[in-house]
1. Let me confirm something: among Gly240, Gly221, Gly190, which residue is surrounded by 15 or more Cβ atoms within 10 Å (Cβ to Cβ), in the same structural domain as Leu123 (by TED's automatic domain parsing) and assigned to a loop (DSSP other than H, G, I, E, B)?
2. Restrict the check to the stretch 296-304 and report whether at least one residue is loosely packed, with under 14 Cβ neighbours inside 10 Å and modelled with pLDDT under 90.
3. Need at least 2 residues that are touching a residue at least 60 places away in the same chain (Cβ under 8 Å) per element, so show me which strands (runs of 3 or more DSSP E) inside the stretch 277-355 make the cut, counting only ones lying wholly within it.
4. Quick one: would you say Phe93 is assigned to a helix (DSSP H, G or I), under 26 Å from Ala23 (Cα atoms) and at pLDDT below 55?
Amino acid sequence: MPKPDYYEVLGVPRNAGKDEIAAAYRKLAMKYHPDRNPGDSEAVEQFKLCAAAYEILGNPEKRALYDQYGHAGLEANGGGSQFHDVNDIFGAFGDIFGAFFGGGHRTGGHRAPAPGNDVRCNLTIDLHEAARGITKEITFRRHETCTACSGSGSKPGKKPERCPYCGGQGRITQSTGIFSIQTTCPKCRGEGAIITDPCPDCRGSGLIPQTVNREIKIPAGVDTGTRLRMQGEGEKSPEGGPPGDCYVFITVKQHPLFQREGQDLICRVPISYPQAALGAEIEIPTLDGRENITIPSGTQNNDVITLRGRGMPVPRRNIAGDLHIQVYIEVPRKLKAEHRKLLQKLAELEGEHTLPEKKNFFSKLGDFVAEFFTEKKDRKENSKEE
């Protein structure tokens, strides 16, 4: 028996967009939905076929495979329909029906319990800790099971009573003709039971706030704004689902010597005029301690010497940024008499043997002045003629 053409099943052209495909599937799913066709096995089969078509055409990768190779391509790559019964379809595409059919993720025909809420924790570390990676203890708050009532919410010795509104089901069903809508019971809020005599410690919630201490491993290279996840360390689920997570937000303190730009570090180091002119060996700070580097003769103000791979490591990769040493020439505010005499002598020598950049500057300045006075003279002569 030939395989059906999924485009024909949904009634859309082969160049249909994602929204058009979804709209077509929604229309057919409503038409063949089991709630609308009780006892009609043909409608159920058509419902499954439409879902299979939407599963392929609504997925860009599977659709491309189907367009190129047809059903054979899907089967060869394990990309065929994964649905075995109607509940699988509800679990995958329940949201496309919305509350009209009580849609949502289901397990065995029932909505899966929602996970607990996530919690947040802030952690501040210094630059050296961020560079090397470290294990730190963090403290955060979350709700734990009340020990007084063992989480029941009822006063010790008492038990919750079955909700009289929903009969303990936690949900109520409203029928209007062929449609049925399931909603959470407003009386017990889906619990199926109500607490008539609440626990004084937790006030009927079954949970009490607690301070929790945990250790977390900080990978090397993290920066301010990095978010680390501790799975399952968040709030408990009130519906019996998985617990939430704890997210740890990292702040790296500013360093007095290093300025960080991504994974690179910049360190501004002062040098004297003689060191810049003659060259010198100076001591600089690095993440690994003090180190000596050579300043070449003729170094200019704000020149940069780069030490490759000596910056911050890239998280979970065996590479690192660079360390940029930016030198600046420090001019003394006070001079001893001997220093003043030597500098005056140097100034005289520089006047006799003008430095290249200085000579170039004054040459340009002379040209500028000459041009200025020429233009001024021309304007004066033109005004006389007028």
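The values are calculated or read from the model by the stated rules, or taken from the named source; none is laboratory data. In this text the structure is predicted, and so the values were computed from the model without any measurement. Positions of Cβ are backbone-derived with ideal geometry, glycine not excepted, and every protein chain shown enters the neighbour counts.
1. One residue alone meets the criteria, Gly221.
2. Looking only at the stretch 296-304, we keep the residues that are loosely packed, with under 14 Cβ neighbours inside 10 Å, and these are 296-298, 300-302, 304.
Restricting the remaining residues to those that are modelled with pLDDT under 90 gives none.
No; the residues of the stretch 296-304 include none that is loosely packed, with under 14 Cβ neighbours inside 10 Å and modelled with pLDDT under 90.
3. On the way: elements: 280-286, 289-295, 304-307, 323-329.
Answer list for the stretch 277-355: 323-329.
4. yes
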